[in-house]
1. Taking a label point 7 Å from the Cα of ARG104 along the Cα→Cβ vector, which residues of segment 6-27 have an amide N closer than 12 Å to it?
2. From the backbone phi of segment 158-167, what are the Karplus-calculated ³J(HN,Hα) couplings (6.51 cos²θ - 1.76 cosθ + 1.60, θ = phi - 60°) in whole Hz, Gly and Pro given as x?
3. Using 7 Å Cα-to-Cβ label points, what is the PHE207/GLU29 separation (nm, one decimal)?
4. What pairs from LYS52/LYS233; LYS209/LYS233; LYS58/LYS191; LYS118/LYS209 go past 30 Å between their alpha carbons?
5. Quick check: residue separation of SER57 and TYR218 times 0.36 nm, minus the Cα distance between them. What number comes out in nm?
6. Please work out how much length the chain gains when fully extended from TYR4 to HIS139, using 0.36 nm per residue of separation minus the C-alpha to C-alpha distance, in nm with one decimal.
7. How far apart, in nm, are two points set 7 Å out from the Cα along the Cα-to-Cβ line at SER66 and at ALA42?
8. Compute the helix-to-body angle for 217-227: its Cα long axis versus the longest principal axis of the chain, expressed 0 to 90° and rounded to tens.
Amino acid sequence: MASYRALVMDVIRRADILLEVVDARFPDETRNNYVEEQIIRADKPFIIVLNKCDLVSKEKLEKTKSRFSKFVPAVFVSGKDRFGTTILRHKILEVVEASTIMDRDILVGCLGYPNTGKSSVINGVSGKHKAGTSSISGHTKGVQHVNAGSRIKFIDTPGVIPSNEFDEIMQGLLGIKDATHLKDTVGVAMKIIEVMCSENKAELESFYKVDIGDLDVYESLEAIGKRNNFLKKKGEIDETRTAIRIINDWQKGQFVV
Ligand SMILES: Nc1nc2c(ncn2[C@@H]2O[C@H](COP(=O)(O)OP(=O)(O)OP(=O)(O)O)[C@@H](O)[C@H]2O)c(=O)[nH]1
Ligand SMILES: [Mg+2]
């Protein structure tokens, strides 16, 4: 815990501007109060980067962006598709008032929970795969500098904010733990179904070619298992196998919420 705080403080101290990278599907949950307070206290500017915007409908993104923008500049991007990265580059230069830093590169610190896509955002803005990324969280080990050209230099950090702040279900939803590391796979899969049924049921139905209609969450999981022919010896549905499939599909980014 102490080392996480020390690392956050060190990056804030060195950077001219901070990016707080959040998962656009869970923007409130993946903002971090402690980090924001420290940035404000250090009197450094920051931008909230709503990453993974390819997995969220345009309407929801716009709503979140305008809600956040009342207090802090917010930009939505997809590090994966390199969407919004030019806007982010311009925003960085605009917010930091580049004209006041004439004699050196602008240092941009990137902070956020594990797996929110910090390294992917840096790569998206740099236009190159300079920062290592992985679907397994904890990929970025130490602090790394990435030169993005045109006077921007990023400080990439490991997912330093402790992910144990999240319960297991949320760790599954955020891809902090993959299916092999989750104990309650059925619980996580049921939460994914619940989220999809409230946000975009049609996508879930068409992806698995099932008709969910009025089924409850568990019955929906069973319907998906049945459709995939995930059966045990006696013909009952293999709920664990079904749950793992749903978690893998979710974490691969198959569903837009
Ligand atoms: N769909 C989608 N997936 C993304 C996006 N950005 C990152 N990812 C995926 O999210 C996972 C984590 O991306 P990283 O860039 O390694 O995330 P990070 O925050 O640097 O992770 P750590 O260094 O482990 O903390 C990878 O599987 C990426 O492919 C995005 O914009 N859209
Ligand atoms: Mg990383």
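1. It comes to 14-16, nothing else.
2. x, x, 6, 6, x, 7, 6, 5, 9, 6
3. 1.5 nm
4. Beyond 30 Å between Cα atoms: LYS52/LYS233; LYS118/LYS209.
5. Numbers: separation 161, 0.36 × 161 = 57.96 nm, distance 2.57 nm.
Gain in length upon complete extension: 55.4 nm.
6. On the way: separation 135, 0.36 × 135 = 48.60 nm, distance 1.57 nm.
Contour length minus the Cα-Cα distance gives 47.0 nm.
7. Going from the SER66 label point to the ALA42 one covers 3.3 nm.
8. With both axes taken from Cα atoms, the answer is about 70 degrees.
The values are calculated or read from the model by the stated rules, or taken from the named source; none is laboratory data. Quantities reported herein were computed from a predicted structural model and do not represent experimental measurements. Note: ideal-geometry Cβ built from the backbone for every residue, glycine included; neighbour counts use all protein chains shown. Keep in mind that these areas ignore ligands, DNA and RNA; they rest on the heavy atoms of the full protein, side chains included. Shrake-Rupley method; radii C 1.70, N 1.55, O 1.52, S 1.80 Å.
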